[in-house]
Amino acid sequence: LVSGDSIEPDKEKNVITIERETVKMSCSYSTNGDNVRLFWYRQYPNGELLFLAYKGARSWKNTDTTDPRFQSTTSHTTTELNITD
């Protein structure tokens, strides 16, 4: 983050589902930058951060994921992560 940048998770944050359901998580962000890269990580209690996916936004269009079940989408002010199966 650069001075003036911010990212906030959407408020409904305890997600409980059954296995094989799709889960969607989202965040809102603001920045004056044009080359935006938004990263998603998982962290189990007392565990290290594990990279899941990143998605470029605005003028940066690259994407990467560790698993095809993790798909990220972005807009000018939001990012979503869909976890399937």
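The values are calculated or read from the model by the stated rules, or taken from the named source; none is laboratory data. On a predicted model such as this, the values are computed, not experimentally measured, just so you know. Reconstructed Cβ throughout: ideal geometry from the backbone, glycine too, with neighbour counts over all protein chains shown. The protein model used for the area step is the full one, side chains on, heavy atoms only, and it has no ligands, DNA or RNA in it. Shrake-Rupley method; radii C 1.70, N 1.55, O 1.52, S 1.80 Å.
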Q.
Only one of R20, R42, R58 is at positive phi, open to solvent by less than 90 Å² (accessible area, probe 1.4 Å) and either touching a residue at least 24 places away in the same chain (Cβ under 8 Å) or of a type outside the set (G, A, S) (or both). Can you tell me which?
A. R58
Q | Flag for V15 being assigned to a strand (DSSP E or B) and of a type in the set (A, V, I, L, M, F, W, C) | A | no
Q. Does T77 count as open to solvent by 50 Å² or more (accessible area, probe 1.4 Å), among the β-branched types (V, I, T) and farther than 19 Å from K11 by Cβ?
A. no
